[in-house]
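Notes follow once the structure below has been shown.
The values are calculated or read from the model by the stated rules, or taken from the named source; none is laboratory data. Remember, it's a predicted structure, so these values are computed and weren't measured experimentally. Ideal geometry is used to build each Cβ from the backbone, glycine not excepted, and the neighbour counts take in all protein chains shown.
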Amino acid sequence: MPTPAEPSRTVLLLNGPNLDLLGTRDPAQYGTTTLAEVENRVAGLGRELGVEVVCAQSNGEGGMVDRLHAARGWAGVVMNPGAYAHYSIALRDAVDAIEAPVVEVHISNVYAREEFRHTSVTAPVAAGYIAGCGVLGYELALRAVLGRAAERGTLG
Ligand code: DQA
């Protein structure tokens, strides 16, 4: 991933496994908006707010960890870890290791679903957590990331 022109004004939008199928995957839980539409909306909001949004999706744990490492020194990260939220200590450690604020997003209300989805190992090290707001949660999370970065004095 190339280094952005202004890392401290760049936000990573990172989606995990199976989120490439948004739009057709289980619409009752995740709606019918595609990942490309989500990315366009968040990038558009980023432009309004004066930041660049770099979008990435990975079906693998290592791919997600690599993307988080590359976002060190950026303004922050909006991340939907998918199922990795529930058990990936590697992802949790990566969130913890980068200084940038990471706001975790879940499209569905995970607390209204199976019990294994009620646990997030990544949330305790995240700067914020949004669940059950549908894809609007990604836009809320971008605003939250920028708020956190501004509080920390790390927004460029
Ligand atoms: C999800 C919730 C997870 O439990 C699930 O494994 C996903 C999507 C959500 O956005 O609601 O893949 O992260």
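Of all residues being more than 16 Å from the ligand (Cβ to nearest atom) and in a loop (DSSP other than H, G, I, E, B) in segment 70-87, which is surrounded by the fewest Cβ atoms within 10 Å (Cβ to Cβ)? Just the residue, please. Filtering segment 70-87 for residues that are more than 16 Å from the ligand (Cβ to nearest atom) and in a loop (DSSP other than H, G, I, E, B), the one surrounded by the fewest Cβ atoms within 10 Å (Cβ to Cβ) comes out as Arg72. Within segment 48-76, residues that are within 19 Å of Ala127 (Cα to Cα) have Cβ atoms under 7 Å from residues that are basic (Lys, Arg) in these pairs: Val51/Arg9; Ala75/Arg9; Gly76/Arg148, counting only partners at least 6 apart in sequence or on another chain. Here the condition is being assigned to a helix (DSSP H, G or I), surrounded by fewer than 24 Cβ atoms within 10 Å (Cβ to Cβ) and near the ligand (Cβ under 9 Å from one of its atoms); of Arg67, Arg117, it holds for Arg117 alone.
Considering each of Glu99, Glu48, Glu52 in turn, give the residue that is modelled with pLDDT under 95 and more than 10 Å from the ligand (Cβ to nearest atom).
Of the residues listed, the single one that is modelled with pLDDT under 95 and more than 10 Å from the ligand (Cβ to nearest atom) is Glu99.
For Val38, the conditions (1) closer than 21 Å to Glu139 by Cβ; (2) part of a helix (DSSP H, G or I); (3) more than 16 Å from the chain's Cα centre (by Cα) all hold with the exception of (3).
For segment 62-94, a tally of residues being over 17 Å from Met1 (Cα atoms) and among the charged types (D, E, K, R) returns 2. Restricting attention to segment 1-46, and to residues there that are closer than 21 Å to Val95 by Cβ and among the polar types (S, T, N, Q), which single residue is surrounded by the most Cβ atoms within 10 Å (Cβ to Cβ)? Checked segment 1-46; the qualifying residue surrounded by the most Cβ atoms within 10 Å (Cβ to Cβ) is Asn15.
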